[in-house]
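Asks: The following block contains the structure, expressed as structure tokens.
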Amino acid sequence: MDEVQTDTNSQSETASEYASSERAAETTREEKPASGANSAGICYCGKERNLNIVELLCANCSRWFHESCIGYQLGKLVPFISNYMFVCKNCSQSGLEIFRKSQATIPQMCVTAIANMQQNAVKDGKSKFLFSKDKEIIPYIEQYWEAMTTMPRRVTQSWYSTVQRSLVKEVNILFTYEENAETGAMFGLVTQDLSLIKPNYDTMGKGGLLRTSEDGHGTGK
Ligand SMILES: [Zn+2]
Ligand SMILES: [Zn+2]
């Protein structure tokens, strides 16, 4: 995903700014850990990331938090979703975590499905990067629909063709594609580093945060 590259750029820019004006940087230094692979900036518990469980990224401090360390009743989720806004209790004014799940787009749901199946393969000691649209991706979304999105489950199967269109449209952007004689259309992720799948807080902005109010707490009280 291209946001990854943006992150890298902004980090190196920051680094050179620091070098050119250390003193100023020191006094105005914000607590801003590098998002991504910085183990010092992970969770309340300080332990490493664990791609086998649900983890949420704080919109403010950019730290990852393990589902098991979060006090908020998150409801049913699956790993690798990006359609949410989370603020950890260190960053929240009330001292309570904030969590809002929003509707996922079909491409987001495809990313989540493929990422989970790829990680499940890793857990089984296999490496598998391509998954059948009909036999794996669509059944995964069927199975975990409520955990993936706040959108009501579809009663008809018309979204199957939306999946097809979304996958094809984003080939080489989000997805890799291969036609297999036996299994048909197979799709994978362009970015195979699953630790990079996260909400795009940069573009979500304040509008994104407000927009979630229509649905409040996904599974709620
Ligand atoms: Zn933790
Ligand atoms: Zn935070």
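Asks: Which ordering of Lys133, Lys47 is given by a fewest-first count of other beta-carbon atoms within 10 Å? All intermediate terms of the calculation are to be shown ahead of the outcome.
Replies: Working: Lys133 21, Lys47 11.
Going from sparsest to densest Cβ surroundings: Lys47, Lys133.
Asks: Something else about it: With each pseudo-label sitting 7 Å past Cα toward Cβ, what's the Thr162-Thr203 distance in nm, one decimal?
Replies: 1.8 nm
Asks: If I take every Cα pair under 8 Å that is 6 or more residues apart in the stretch 106-194, average their sequence separation and divide by the length, what percent do I get for the relative contact order?
Replies: So the answer I get is 38 percent.
Asks: Using Cβ counts within 10 Å as a stand-in for footprinting exposure, how do Trp64, Trp145 rank, fewest first?
Replies: On the way: Trp64 23, Trp145 16.
By the 10 Å Cβ count, ascending, the order reads Trp145, Trp64.
Asks: Within 10 Å of each residue's Cβ, count the other Cβ atoms and sort Tyr201, Tyr160 from fewest upward. Could you put the intermediate results ahead of the total?
Replies: Details: Tyr201 19, Tyr160 15.
Exposure proxy ranking, most exposed first: Tyr160, Tyr201.
Asks: If you don't mind, another one. If I take R0 = 41 Å and measure r between the Cβ atoms of Glu48 and Asn180 in this structure, what FRET efficiency does the formula 1/(1 + (r/R0)^6) give, to the nearest 0.05? Each step should come with its number before you reach the end.
Replies: Values: r = 35 Å, r/R0 = 0.86.
Efficiency for this residue pair is about 0.70.
Read-outs: derived from the displayed coordinates by stated rules, not from any lab. Computed from a prediction, not measured in an experiment: that's the story for all the values here. Methodologically, a virtual Cβ is constructed for each residue, glycine included, from the backbone with ideal geometry; neighbour enumeration extends over all protein chains shown.
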